[in-house]
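Shown next, in structure tokens, is the structure this report addresses.
Bear in mind that the values in this text are calculations on the coordinates, not laboratory data. Keep in mind the model is a prediction, meaning the values are calculated, not measured. Counting neighbours? That spans all protein chains shown, and the Cβs are built from the backbone with ideal geometry, glycine included.
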Amino acid sequence: MKIDSEICIEVETLINKETTLLDRHLWDDWIDLFTEDACYWVPSWVDEEQTVGDPETQLNLMYFKNRGGLEDRIFRIETRDSYASLPLDRTVHIVSNILVSHVEENVIFATANCLVHSFGKHGSQNRASLYDYKFRQVDMGVKILQKKITLIDDLLEGPVDIYHL
């Protein structure tokens, strides 16, 4: 099945918008990109070749099973009630290799690669990740239904928050 080029452009635009909003700390605009039932998952590594497969029963680096968890995280960042966010690091996300793989009913599956450079009290850091997305088609276009972030380096120095990934 051929994927509509308009869907590919919409997905690419949304992924780039998402990372730009994170870099600019525009939290309200960022959270609006997610559906109410959106899952945000950063699995941990089981060994050198495999990450955990079930976020509900296995240890994760981060897991929010719906948008409410992300909203709580943003609340902690904004109220400065988060050790990982004091002071707030500056970040730049560089996203590439965005690929829409397929569409099932109203769900769009896509992948991307990301390199995040951050600077803060722990110095400069670079983190590379693989992004696996599910988007839901809604009246206004598409929204993020699931974002799975697989960190390539499992040795993390300093705190990691949603804007570091």
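Tabulated values for the structure
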| item | result |
| --- | --- |
| Close pairs (6 angstrom Cβ cut-off, 6 or more residues apart or separate chains): on the phi > 0 side of the Ramachandran plot and of a type in the set (D, E, K, R) in segment 94-114, assigned to a strand (DSSP E or B) and surrounded by fewer than 18 Cβ atoms within 10 Å (Cβ to Cβ) anywhere | none |
| Selection status of Ser85, polar (S, T, N, Q), touching a residue at least 60 places away in the same chain (Cβ under 8 Å) and over 24 Å from Leu130 (Cβ atoms) | yes |
| Test for Leu130: is it surrounded by 14 or more Cβ atoms within 10 Å (Cβ to Cβ) and assigned to a loop (DSSP other than H, G, I, E, B) | no |
| Total residues in segment 76-105, condition closer than 21 Å to Lys17 by Cα and either assigned to a helix (DSSP H, G or I) or among the polar types (S, T, N, Q) (or both) | 6 |
